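The values are calculated or read from the model by the stated rules, or taken from the named source; none is laboratory data. As the structure is a computational prediction, the values presented were derived from the model and not from experiment. Heads up, the Cβs are rebuilt from the backbone with ideal geometry, glycines too, and the neighbour counts pull from every protein chain shown. The protein model used for the area step is the full one, side chains on, heavy atoms only, and it has no ligands, DNA or RNA in it. Shrake-Rupley method; radii C 1.70, N 1.55, O 1.52, S 1.80 Å.
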Amino acid sequence: MANEETQHQQSPWTRPGFLMAGALVMLLVIAGVVLSIIFALGGNDDADSNPSKPATTAAPTPDEGEGSGSSVCGLDGDVLEQARLSKAPTVDEWGYIGTTSHPISKEYGPGETDESGFYYCFQRSPEGAVYAAANAVALGTDTVLAPQWMKYFLADGPFSEQLLSELDESPSGATSASPPRMQIAGFRLLQYDGDSARVDMAVTTNANGQAVTVSTIYDLLWEDGDWKLSSAKEDPIEVVAIPNIAGYVAWGE
């Protein structure tokens, strides 16, 4: 217990609700496994393993983005009114970040790859918001890509400076010896209006021989031509264990 408390003090990533890494810490504790790591999963050094990886460019800074308007990488198909999504969006193929799969689509994104290796740029649509959340699930498991990606993905807001400061102060280099595999199982689009979206991703894994499913809710904002994670709350992602994916739109590789 003392060791666990020490790790929570050392790293913001182990705080439940902060990024997918926090989600994994929570679900692994539920499953009876205590991991003394920054992220719940180990890093992935094979950034070029995906044959359909989007073109590599430097992710734009807020000053270089296209404001709150069109996609930063030119994806069209903007949906600017309230909408629902009751069926799974089409997927060209499923790529991998470590052992976690994520969807890839020429229509919905990701449309670009930053020079550091993370994907970004998603369509301004219900499907694009769901794709952005699914991408966040996968990127949040990578100790190498996640810190740089989070600096891009976190929207401006009341807690953005605090969260980024915690990210810069957190130690690096700790990984899990045998990380469990995560799998996207489904989603619910709880809200969408073109400027914001609330996406609930159901994610499964197997920890210590026990299957665990969690709900991870991402509050997204359209900012600088892409979907970003709202920083209106100190813990920007809501995480809770669920018994199954009843009520979710089944989606996954």
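Worth pointing out:
- Modelled spin labels at GLN162 and TYR96, positioned 7 Å past Cα toward Cβ, are 3.9 nm from each other.
- Paramagnetic label reach from LYS87 (point 7 Å along Cα→Cβ; backbone nitrogen cut-off under 17 Å): within the stretch 111-133, residues 126-128.
- Distances between every pair of Cα atoms in the stretch 94-134, grouped in 5 Å steps from 0 to the bin holding the largest one, split as 6, 25, 33, 25, 10, 2 percent.
- Gain on full stretching of the segment that runs from ASP76 to SER116 - 0.36 nm per residue minus C-alpha separation: 11.9 nm
- Heavy-atom surface of the stretch 79-145, accessible at 1.4 Å and reported per residue (Å²): 36
- Per-residue 3J(HN,Hα) values for the stretch 241-253, derived from phi via the Karplus relation 6.51 cos²θ - 1.76 cosθ + 1.60 with θ = phi - 60°, read 6, 10, x, 6, 9, 4, x, 9, 7, 4, 7, x, 5 Hz in sequence order (x marks Gly and Pro).
- Under 5 Å between amide hydrogens, built in the peptide plane, is the criterion, and for LEU145 it picks out ASN44 among residues at least 5 positions away or on other chains.
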